1. Computed over the Cα atoms, what is the radius of gyration of region 167-275 divided by 2.2 N^0.38 Å, N being its residue count?
2. So if each residue of separation counts as 0.36 nm, and I subtract the Cα-Cα distance between ASP171 and ASN158, what length gain in nm does that give?
3. Relative to the Cα centre, what is the charge dipole magnitude of the chain, using +1 at the beta carbon of each Lys and Arg, -1 at the beta carbon of each Asp and Glu, and rounding to the nearest 20 debye?
4. Under 20 Å Cα to Cα from LYS22, which lysines show up? Leave out anything in the same chain fewer than 8 places away.
5. Lone cysteines in the chain, defined as no other cysteine's Cβ under 4.7 Å from theirs: which are they?
6. Kindly put ASP131, ASP37 in sequence by how many other C-beta atoms sit within 10 Å of each C-beta, fewest to most.
7. Among ALA72, GLN203, LEU252, whose Cα lies farthest out toward the positive end of the dipole of region 3-267, if unit charges sit on the beta carbon of Lys, Arg (+1) and Asp, Glu (-1)?
8. Is it possible to state the helix-based mean residue ellipticity at 222 nm for the chain, with each DSSP H run of 4+ residues giving -39500 (n - 2.57), the sum divided by total residues, to the nearest 500 deg cm²/dmol? What is it?
Amino acid sequence: MTTYAIGDVQGCYDSLRRLLDKLRFDPSNDQLWFTGDLINRGPHSLETLRFIISLGDSARSVLGNHECHFLAIAFEHKDPHHTDTFSDILDAGDADVLIQWLRSQPFFYEDSNVGYSMLHAGLPPQWSIEDTRQYARELESHIQSDNINEFLASMYGNQPDYWDINLTGNDRLRFIINCFTRLRFCDKNGRINLIEKGAIGTQADSLIPWFDAPNRKNGGQKIVFGHWSTLGLHQQNNATCLDTGCLWGGSLSAMKLDGSEQVISIDCERSIKSL
């Protein structure tokens, strides 16, 4: 069996199928890990989501910021943005099934046999892997519970920007979800920054990539992530970014999680709607 991690698809269904053809993916024998942002901005969110669900145990995914944004709209806590392209999911006859599947997905996935962990965006340096497991489960319990409306109503915002184990309530949950789904940069003290979105070298002098933070407590674990298309394929300090900008006319990439870290990519046509 071969396990592949795949970067942000974002509704680029045709590109995903071409990549799987290139991989000669066999759902009866192989497994796919998706780093989140399966949907939105691209042209075929509904087809992408239905296809990945149809793979059953042959696919694993984590929630990204676009899935969380979709849930906020589905539960009427946010109005759609003009660049959103998931109305086909909301209008589908099986919308309730698709929404429930998304709600059941984790924010953090790991397999000790494979030797890798997966999340969408990043981790603050203060969290160990055990902390990460705990905080992911804490977040998932709110997404999956009857309290989802209270959580979604308070999900948006950039504060607090520094982890304190004594954080409680919506502030605590907001910090946790911002790390899992939005984090790119932090400062050397671990204070997160959610404004800077460019490639390494374009950020303020005080900021560093989350995976380059000194004394990072989660640095001993191999992690694959997406979210950062301006970074592209990047491997550093046991962390590998696999968002290679398919949506923007870059490529869609998969990495073998077999120790070789071989990357297989296909070129993509630009799919993002004009802003």
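1. Its radius of gyration relative to the 2.2 N^0.38 Å reference: 1.17.
2. 3.7 nm
3. 580 debye
4. The reachable lysines, counting only those whose Cα sits under 20 Å from LYS22, are LYS256.
5. Singleton cysteines: CYS12, CYS68, CYS179, CYS186, CYS241.
6. Going from least to most buried by this count: ASP131, ASP37.
7. About the Cα centre, the residue reaching furthest to the positive side is GLN203.
8. Mean residue ellipticity, 222 nm, calculated: -8500 deg cm²/dmol.
Bear in mind that the values in this text are calculations on the coordinates, not laboratory data. Remember, predicted model here, so these are calculated numbers, not experimental data. For neighbour counting, all protein chains shown are included, and Cβ atoms are generated from backbone atoms with ideal geometry for every residue, glycine included.
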